[in-house]
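Here the structure comes first, spelled out in structure tokens, and everything after it is commentary.
Values quoted throughout were computed directly from the atomic coordinates according to the rules given, and no laboratory measurement underlies them. This one's a predicted model, so the numbers in the text were calculated from it and none came from an experiment. Cβ atoms come from the backbone with ideal geometry, glycine included; neighbour counts cover every protein chain shown.
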Amino acid sequence: MHYTFQIERGNFTDAGQASSSVKRTLKQLGVAPANIKRTVVALFEAEINAVAHAYGGTIDVDIDGEKIVMVVADEGPGIPNLDLAMQEGWSTASPKVREMGYGAGMGLPNIKKNTDDLKIETEVGVGTTVTMTVYLV
Amino acid sequence: MTVKEIIEKLGLQCLNEANLDTEVTGAYASDLLSDVMGNARSGQIWITMQTHKNVSAIASLKDIPAVILVRGSQPDEDMLEHAKDEEICILVSQDATFQVCGKLYALIA
């Protein structure tokens, strides 16, 4: 099964729709609750990262019997220092984003903790593609 | 203890009646949304002063039955609408986070 969602810059109001839709689908498919939880935490964080930092993008989700692969690809500033970005507590979020309760530098660490495989390709001034895999078996 | 019993014992205002008979397993107090995403557990009540729509989105994703907004904070209109769609109980306390946590801890911890 394949699903695609659009990400709009700064649109926090609709953030979470992709995660919410994927959660419903996984429930219907009878995926184990622990795997559903991991998947939605990772996808939500990636979605918020793209909304907060990028200029727009897409989310592609593929589900088969063995795994869930989520690709969040954005056009945006890219991540200049990935090692720093992966550090818990490090954030470049704007004051507005921080006021909403984001920007604690926990997004990428949360993604790493909740996925089995995480690949981040990023180019400064071009964009970032985050590929997250959750194995179901 | 159920959501309904907590509403009664803490004298909370209920803005969306949902999950009233759900058994609450604990609580998580945080205004950092990624902290809640990463560390809150399903079945816990979430205590916060954040009032925007992402609060109900996260509560729904994490299977959090009820959110207590502290210091009389009112939810944004779209947060409440979303909570109704997703069946999340939205509660308001006049107390600050510390008092709400203390009272809840005495009840359910």
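Tabulated values for the structure
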quantity: Cα-based convex hull, the protein assembly as shown, per residue volume (Å³, whole number); calculated: 117 Å³
quantity: Angstrom value of the Kirkwood radius, inverse mean 1/r, which spans all Cα pairs in the stretch A:41-86; calculated: 11.7 Å
quantity: Tensor-based shape of the stretch A:23-63 (alpha-carbon gyration tensor, a/c under 1.5 rounded, otherwise prolate or oblate); calculated: prolate
quantity: Net dipole in debye of the stretch A:2-135 [+1 Lys, Arg Cβ; -1 Asp, Glu Cβ; about Cα centre; nearest 20]; calculated: 520 debye
quantity: Mean-position separation - Cα centroids, the stretch A:59-128 and the stretch B:1-73, in angstrom; calculated: 26 Å
quantity: Average Cα contact separation per residue, the stretch B:40-94, under 8 Å, 6 or more apart, as relative contact order %; calculated: 39 percent
quantity: Positive-pole candidate from B:MET1, B:GLY26, B:PHE98, dipole of chain B, charges at beta carbon; calculated: B:PHE98
quantity: Violating pairs (Cα-Cα greater than 30 angstrom) within the set A:LYS23/B:LYS9; B:LYS9/B:LYS84; A:LYS37/A:LYS96; B:LYS9/B:LYS62; A:LYS119/B:LYS84; A:LYS27/A:LYS112; calculated: A:LYS23/B:LYS9; A:LYS119/B:LYS84
quantity: Cβ neighbours within 10 Å from other chains - mean over B:21-29; calculated: 0
quantity: Fraction of antiparallel bridges per DSSP, chain B only, in percent to nearest 5; calculated: 25 percent
quantity: For chain B: rounded, prolate or oblate by the Cα gyration tensor [a/c cutoff 1.5]; calculated: rounded
quantity: Within straight-line cross-link reach of A:LYS67, aspartates and glutamates at Cα separation under 17 Å, skipping those fewer than 8 residues along the same chain; calculated: A:ASP116, A:ASP117
quantity: Per-residue average of Cβ from other chains inside 10 Å of A:92-102; calculated: 3
quantity: Value at 222 nm in deg cm²/dmol, rounded to 500, when DSSP H runs of n ≥ 4 in the protein assembly as shown each add -39,500 (n - 2.57); calculated: -11500 deg cm²/dmol
quantity: Shape category assigned to the stretch B:33-88 from the gyration tensor of Cα positions, a/c cut at 1.5; calculated: oblate
quantity: 10 Å Cβ neighbours from other chains, averaged over peptide A:32-40; calculated: 2
quantity: From the C-alpha gyration tensor of the stretch A:2-135, square roots of 5λ in Å; calculated: 23, 15, 14
